[in-house]
Amino acid sequence: MTAREVHPAPAAGFYYGALGLPLAFVALPLYVYMPAYYAEQFGTSLAALGAVLLFVRIFDAVTDPVMGYVADRLFSVSRRALQLSLGVGCLVLLAGFTGLFFPPLALHEPHTALLAWCALMLMLTYLAYSALTITHQAWAARLKGGDEVQSRWVSWREAATLVGVMLASVLPTVVGMSATAVVLGVALWLGWLALGRAPAPVALDISRAGAAQGAVTHKLSLHYFALPWHGPAFRGLIGVFLVNGIASAIPATLLLFFVNDRLQAAGWEGAFLAIYFACAAASLPVWVKVVSRVGLGASWAAGMTLAVVSFFGAAFLGAGDTTLFLLICAASGFALGADLALPTPLLARVIRTEAMSADAEGAYFGWWNSASKLNLALAAGLVLPMLQWLGYTPGQTDEQGLRSLSLAYAVLPCCLKLVALYTLWLWRRRWDKEH
């Protein structure tokens, strides 16, 4: 591996990763703010919101493999066509995001009309987001290099994503949703321009002889969608990713409720999110160095362990414990860096060694993003109604309801994280045995 391969030029990394910043507006921050926004502004029930989010995320997850097919087609046409298509996707994403937070006044009542509009705008937003994200991820996978090189490309993307997450987490409470939508539009335009100057994506060298000889099929068929599932390494890795992702999605969905009702710290959510994501961004170079010493799998396991150790204490916090929660946000944010920087290079490794056909990165990333969407769908669609069933309602002070909130916010995710850690250990044992 050459020095150039190990150390992608900073300018190239910046141009590639910049689009991650605006895309972050539609990832975690939307899931953090949207349920509370609709509940507080329009009086929508948590159960109804949970049902809408579950439906939309399942729809989103089902369509992601199709978006992967679209990405593979675009890569096979021309860079100009790829760039123009990404520009259209940016415009659609901005329109959906704006419509979601600014529904027409005529739809505010009855709530069924508002929920239908919400579902429509979410589907539009997530379709554009999926197409852009899958193409962006596959772009890096098509740049040459092994585990460490891929970790560096992904780190550039995730660093920009974390900056975007911090902006999107703070802007709504500081300048309001109108200004946030404007910032999103400008950032999408700049990210699109930057990607146009990034290194050109090329086809991966598939190491397996059969895969290398496999002709690319661009037919929208069950065979194309089934390609990734033929490999046991992909099946095992996506299982780890799914369980680990659900563990991370639950606190994201419940954060505002936990801050406002359990901690009694309304107005602090921006500070909590900022330190969480700032520490995640600062940790990315550290995790890349850890990868060079102990490898991707062991590094990800270390990140999961740190997440459990640092986050479990949130279950014992109460009103006024803002300083302790800031420390927990810092430590768990550092652990988040591993979740952001390491799974995708592991997937790129699986593609290099196990891919059933050349030039089918979109198929892999389509399913990968489906799993990510399913994480959030299960978190919102199951945990929000469960909390309501257990007696918790936003704004309440009943101790039983608040205890249920703490258990769902902190204990349940840690238990799932331990399951993911064990599953990763099993996957690594099988990988080491077979490779």
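Just so you know, all these numbers are worked out from the coordinates, no wet-lab data involved. This one's a predicted model, so the numbers in the text were calculated from it and none came from an experiment. Cβ placement follows ideal geometry from the backbone for every residue including glycine, while neighbour counts extend to all protein chains displayed.
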Please report the projected area of the chain's Cα convex hull averaged over all directions, in nm². 19.5
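Nearest 0.05, what FRET efficiency do residue 389 and residue 298 give at R0 = 41 Å with Cβ-Cβ as r?
On the way: r = 40 Å, r/R0 = 0.97.
E(calc), rounded to 0.05, equals 0.55.
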Rounded to two decimals, what is Rg over Rh for the range 289-333 when you use alpha-carbon atoms and the Kirkwood radius? 1.15
Calculate one ³J(HN,Hα) per residue across the range 180-186 by plugging θ = phi - 60° into the Karplus curve 6.51 cos²θ - 1.76 cosθ + 1.60, and present them in order as whole Hz with x for glycine and proline. 4, 5, 5, 4, 4, x, 5
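Any idea what % of Cα-Cα pairs in the range 86-136 are farther than 17 Å?
Values: 462 of 1275 pairs.
Distances greater than 17 Å cover 36 percent of the Cα pairs.
Against the 2.2 N^0.38 Å scaling, with N counting residues, where does the range 303-435 land? I'd like the Cα-based Rg ratio to two decimal places. Display every interim value, and only then the final one.
Values: Rg = 18.5 Å, N = 133, 2.2 N^0.38 = 14.1 Å.
Dividing the Cα radius of gyration by 2.2 N^0.38 Å gives 1.31.
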Expected unfolding gain across residue 78-residue 47 under the 0.36 nm per residue rule, minus the alpha-carbon gap, is 6.6 nm
Over the Cα atoms of the range 33-184, what Rg and Dmax result, in angstrom? 17.5, 55
Mean Cβ-within-10 Å packing, highest first, puts peptides 175-187, 57-69 in the order 57-69, 175-187
Quick one: what are the phi-derived ³J(HN,Hα) couplings along the range 50-59, Karplus 6.51/-1.76/1.60 with θ = phi - 60°, whole Hz, x for glycine and proline? x, 5, 5, 5, 5, 4, 5, 5, 5, 4
Relative to the chain, whose Cα atoms define the longest principal axis, helix 111-141 and its Cα axis are tilted in degrees, nearest 10, by 30
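Determine the equivalent ellipsoid of the range 111-176 by diagonalising the alpha-carbon gyration tensor, then write out the semi-axes as square roots of 5 times the eigenvalues, largest first, rounded to whole Å. Intermediate values should be presented prior to the final figure.
On the way: eigenvalues 204, 68, 8 Å².
Taking √(5λ) for each eigenvalue gives 32, 18, 6 Å, largest first.
Extension gain residue 397-residue 415, at 0.36 nm per residue separation less the Cα-Cα distance, in nm?
Values: separation 18, 0.36 × 18 = 6.48 nm, distance 2.62 nm.
Stretched out fully, the residue 397 to residue 415 stretch lengthens by 3.9 nm.
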Among 236-242, 127-133, how do they line up by average Cβ neighbours within 10 Å per residue, starting with the highest? 127-133, 236-242
Counting pairwise Cα distances across the range 154-198, what percent come out greater than 14 angstrom? 57
With 10 Å bins from 0: P(r) over the range 247-363, alpha-carbon pairs, percent: 13, 38, 26, 15, 6, 1
Rg and Dmax of the range 63-107 over Cα atoms: what are they, in angstrom? 14.4, 45
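About its Cα centre, what dipole magnitude does the range 272-430 give when the only charges are +1 on Lys and Arg Cβ and -1 on Asp and Glu Cβ, stated in debye to the nearest 20? List each step's numbers first, then the result.
Numbers: 10 positive and 7 negative charges, 123 e Å.
So the magnitude is around 580 debye.
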7 Å from Cα along Cα→Cβ at both residue 324 and residue 179: what's the point-to-point distance in nm? 3.4
Using Cα atoms only, what is the angle between the long axis of helix 296-311 and the major principal axis of the chain, expressed in degrees (0 to 90) to the nearest 10? 10
Could you pull the Cα extents of the range 32-103 along its three principal axes, largest to smallest, in whole Å? 48, 23, 17
How many nm is it between the label spots at residue 289 and residue 40, if each spot is 7 Å from the Cα in line with the beta carbon? 4.0
log₁₀ I(q)/I(0) of the range 371-435 at q = 0.13, 0.14, 0.23 Å⁻¹, via Debye over equal Cα point scatterers, no solvent, to two decimals? -0.51, -0.56, -0.99
Using the Kirkwood formula on the Cα atoms of the range 249-297, what hydrodynamic radius do you get, in angstrom to one decimal? 12.8
In nm, spacing of pseudo-spin labels at residue 353 and residue 422 (7 Å Cα→C-beta vector): 2.5
How big is D, in µm² s⁻¹, for the range 223-310 by Stokes-Einstein at 25 °C and 0.890 mPa s if Rh is the Kirkwood radius over C-alpha pairs? 155
Stretched fully, the stretch from residue 88 through residue 190 gains (0.36 nm per residue minus C-alpha distance, one decimal, in nm) 35.3 nm
